[in-house]
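Let me begin by presenting the structure, written as structure tokens, before commenting on it.
Just so you know, all these numbers are worked out from the coordinates, no wet-lab data involved. Not measured: the values here are computed from a predicted model. Cβ coordinates were reconstructed from backbone atoms using ideal geometry, including for glycine residues, and neighbour counts include every protein chain displayed.
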Amino acid sequence: MSEDKSTDEIIENVKEVVEEAVDAVEDAVDAAKPPLMKLKEENPKVFYGGIAAIAVVAGLFFFSGGSSNTQHVQQIAHTVGETYTLQAPNATPGSGVTLKILKIPGQMASFDTESEDVVCNAPSGTRATIKSFQEAFGKKNLFAHIEILDAVNDCRQGVKGWTLTTNLK
């Protein structure tokens with residue numbers, strides 16, 4: 001019978017050790033929970049109220065109107081034969097920005113510095129006369145075929161090429 005008693009004592013000791021281990025694991029799991037999950041379980045009103053507040057602030061930010069002082073590119077009715085000044089729409093006057101005059105209207109590869117499709121680089125303020133227009137992407141008169149009137153930089157007087165009509169002021 002002493003054998004049975006010692007086996008029962010061992011089983012009881014093992015049960016106690018297992019219970020202590022289970023309690024330690026449960027405590028570790030509770031301690032490892034992220035703070036937001038703890039807040040959600042302990043105080044759901046504060047948790048969901050915080051989410052609602054963030055959504056309201058984000059909604060106000062995204063749906064609020066912009067400044068009325070915004071500048072837009074002014075649309076000019078360009079005419080063949082008229083003289084205009086080259087000016088990049090996003091550059092300030094006198095900033096020294098040059099515009100690439102292209103052999104082919106809208107040639108994207110032309111913006112490489114060593115491109116063969118660039119006729120010349122005209123600085124802002126260069127005078128040019130429109131010779132014709134090219135429609136593209138469903139927009140009428142998107143590109144203008146121009147003739148440079150003054151010799152500037154690497155542009156000779158009388159050289160012809162293409163630019164966006166928005167570059168002409």
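The table for this structure:
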{"read-out": "Proximal lysines to LYS100, defined as alpha-carbon separation beneath 24 angstrom and excluding residues fewer than eight positions away on the same chain", "value": "LYS131, LYS139, LYS140, LYS160, LYS169"}
{"read-out": "Sites LYS131 and PHE62 - FRET efficiency at Förster radius 45 Å, r taken between beta-carbons, to 0.05", "value": "0.50"}
{"read-out": "Radius ratio Rg over Rh of segment 2-63, counting only Cα atoms, Kirkwood formula for Rh", "value": "1.51"}
{"read-out": "Net lengthening on full extension, ALA21/MET37 (0.36 nm per residue, minus Cα-Cα)", "value": "3.4 nm"}
{"read-out": "FRET E, pair LYS140, ALA91, Förster distance 22 Å, beta-carbon r, rounded to 0.05", "value": "0.30"}
{"read-out": "Amide H within-cut-off set for ASN141, under 5 Å, with H built and near neighbours excluded", "value": "GLN134, GLU135, ALA136"}
{"read-out": "Potential lengthening between ALA55 and GLN107 on full extension [0.36 nm per residue; Cα-Cα distance subtracted]", "value": "14.3 nm"}
{"read-out": "Potential extension, THR83-TYR48 segment - 0.36 nm per residue separation minus Cα distance", "value": "6.2 nm"}
{"read-out": "Cα gyration tensor shape of segment 83-167, rounded if a/c is under 1.5, else prolate or oblate by comparing a/b with b/c", "value": "rounded"}
